[in-house]
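Following: one structure in structure tokens, then a few remarks.
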Amino acid sequence: MEDLEHLTLPVTHPTGNYDVTIGYDLLGQVGKLSATEDHVALITDTNVGPLYAQQAAKQWENCVVITLPAGEAFKTLDSVRLAYEQMFAAGCDRQTTVVALGGGVINDLSGFVAATFMRGVRFVTCPTTLLSIVDASVGGKTGVDMPEGKNLVGAFKQPEAVIADLNLLKSLIKEEFACGMAEAIKHGLLSAKDVLPTLTQTDWGESLRNGFTADDRSAFMQLVHDVVAVKRDVVQRDPFEAGERALLNLGHTFGHAIEQVTNYDVRHGEGVAMGLVCAANVSYKLGFSTIDLQSVVEDMLKKVNLPVRLPRVDPEDVFNAMQQDKKKKGKKLRYILLKDFESAFIAENVPDDAILETIRDLQNW
Ligand code: GLY
């Protein structure tokens, strides 16, 4: 693979290890990079499939392409059943490898299919959005949404390989690229504050679409690598979210609830961006952070075209939706708050009034 332009990030987990390969022109090399010889169920969606599935599928002699409807609304057990049915119809068995080709929804759903089809088959993921590269593809969380809330049914299923071809991000619409930046900024806030200026000073999405200079091309690859390394380090230390991994949910308790009450009109990354502002606001209001991080966070998010105010929603609805959060301990929600950069923590006993006030204050009236 010497001729490929890529960086490799090794990940270890309780039952093995895998590499995250980040680079350019990797899609046609997924089979070699993941040592997947044959018997592939390539799961993609109606957005990504028409663009890239053929190019990917032709490297395997025996590959069934399963194209699911695109979007968070289809991250359901019905879609999982559709995938199983097509796998049975194509003669898939325990030797089959499930290869995910898509964003976070396809990653999570395909991983769940791989975890459960015939009690588990190999899983390789090729994330096609910045958001799924920096977050969903690493760490083995898979699953689907339920009417009661996001990601409420799932399994841990570690991939055999993660292959992130940055060229595929050229077809992302601006808003989706920005969503990935929300998770990247979150990782910077958690434990890589040095990447934050580089992350936000250039419009990386625009440069990628217009054709990178050679310097920007490798700078972007390095940046993505450094941001993914934050997640890698956390999931290696805490693979099953016994403690520290919950910090990766910074901004997510608010974000998921906002997504849910807006019927997913707010994209995941946009919800995370709003959630980061909410978390900074609560942290300062309750005296946990000594500096007002909210304006710093807002400046960064605005630079990468992300919203920093909530749409007009009933604060009670958001608060009620937050109660489904999996970080709950007993009846009480736990929040990820910030003392400073690189100093997030799990806060218990946060007064409900403070949360409601933040949701009310940060609305775009
Ligand atoms: N997306 C958060 C996690 O993987 O733990």
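Laid out as a table, the results:
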read-out	value
Selection status of Gly28, touching a helix residue (DSSP H, G or I) at 6+ places or on another chain (Cβ under 7 Å), modelled with pLDDT of 95 or more and farther than 24 Å from Asn151 by Cα	yes
Pick from the range 47-77, criterion open to solvent by 60 Å² or more (accessible area, probe 1.4 Å) and under 19 Å from the mean Cα position of the chain (by Cα), ranking: nearest to Ile163 (Cα to Cα)	Asn47
All positions within the range 1-46 that are of a type in the set (D, E, K, R) and over 21 Å from the mean Cα position of the chain (by Cα)	Glu2, Asp3, Glu5, Asp25, Lys32, Glu37, Asp38
Members of the range 78-102 found to be assigned to a loop (DSSP other than H, G, I, E, B) and either open to solvent by 10 Å² or more (accessible area, probe 1.4 Å) or touching a Cys at 6+ places or on another chain (Cβ under 8 Å) (or both), listed by number	Ala90, Gly91, Cys92, Asp93, Arg94, Gln95
Residue match in the range 132-149 (condition: among the charged types (D, E, K, R) and more than 15 Å from the ligand (Cβ to nearest atom))	yes
Odd one out for Pro197 among (1) in contact (Cβ under 8 Å) with a residue 12 or more places away in the chain; (2) more than 16 Å from the ligand (Cβ to nearest atom); (3) over 15 Å from the mean Cα position of the chain (by Cα); (4) farther than 23 Å from Leu109 by Cα	(1)
Residue that is nearest to the ligand (Cβ to nearest atom), among those in the range 243-287 that are among the aromatic types (Phe, Trp, Tyr) and farther than 11 Å from Leu338 by Cα	Phe254
Count of the range 109-144 residues which are crowded, with 24+ Cβ neighbours inside 10 Å and either among the hydroxyl-bearing types (Ser, Thr, Tyr) or more than 20 Å from Leu9 (Cβ to Cβ) (or both)	11
Residue list for the range 255-266, filter: open to solvent by 10 Å² or more (accessible area, probe 1.4 Å) and within 18 Å of the chain's Cα centre (by Cα)	His256, Gln260, Tyr264, Asp265, Val266
Breaking point among (1) crowded, with 18+ Cβ neighbours inside 10 Å; (2) of a type in the set (Phe, Trp, Tyr); (3) within 16 Å of the ligand (Cβ to nearest atom), for Phe240	(1)
When residues of the range 329-341 are limited to those that are exposed (fewer than 15 other Cβ atoms within 10 Å of the Cβ) and assigned to a strand (DSSP E or B), the one modelled with the lowest pLDDT	Lys329
Residues of the range 2-56 classified as on the phi < 0 side of the Ramachandran plot and part of a loop (DSSP other than H, G, I, E, B), total	12
Only one of Val228, Val234 that is closer than 18 Å to Phe177 by Cα, within 16 Å of the ligand (Cβ to nearest atom) and within 18 Å of the chain's Cα centre (by Cα)	Val228
Number of the exception - Asp216 against (1) more than 12 Å from the ligand (Cβ to nearest atom); (2) at pLDDT 95 or above; (3) of a type in the set (Asp, Glu)	(2)
Any hit, the range 164-183, residues being touching a strand residue (DSSP E or B) at 6+ places or on another chain (Cβ under 6 Å), modelled with pLDDT of 95 or more, buried (at least 24 other Cβ atoms within 10 Å of the Cβ) and not in a strand (DSSP E or B)	no
Positions within the range 154-173 being more than 16 Å from the ligand (Cβ to nearest atom) and not acidic (Asp, Glu), in sequence order	Ala161, Ile163, Leu166, Asn167, Leu168, Leu169, Lys170, Ser171, Leu172, Ile173
Residue, surrounded by the most Cβ atoms within 10 Å (Cβ to Cβ), within the range 219-229, restricted to residues that are more than 30 Å from Val313 (Cβ to Cβ) and touching a residue at least 60 places away in the same chain (Cβ under 8 Å)	Val224
Segments classed as helices (runs of 4 or more DSSP H), wholly inside the range 230-328, with at least 3 members that are in contact (Cβ under 8 Å) with a residue 40 or more places away in the chain and within 30 Å of Leu9 (Cβ to Cβ)	252-261, 268-285, 293-303
Failed criterion for Lys303 (all others in (1) in contact with a Ser or Thr (Cβ under 8 Å, 6 or more places away or on another chain); (2) within 13 Å of Ala280 (Cβ to Cβ) hold)	(2)
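The values are calculated or read from the model by the stated rules, or taken from the named source; none is laboratory data. Quick caveat, the model's predicted, so the values are computed rather than measured. All Cβ positions, glycine included, derive from the backbone under ideal geometry; neighbour counts span all protein chains shown. When the accessible area is computed, the model is the full protein with side chains, heavy atoms only, and any ligands, DNA or RNA have been set aside. Shrake-Rupley method; radii C 1.70, N 1.55, O 1.52, S 1.80 Å.
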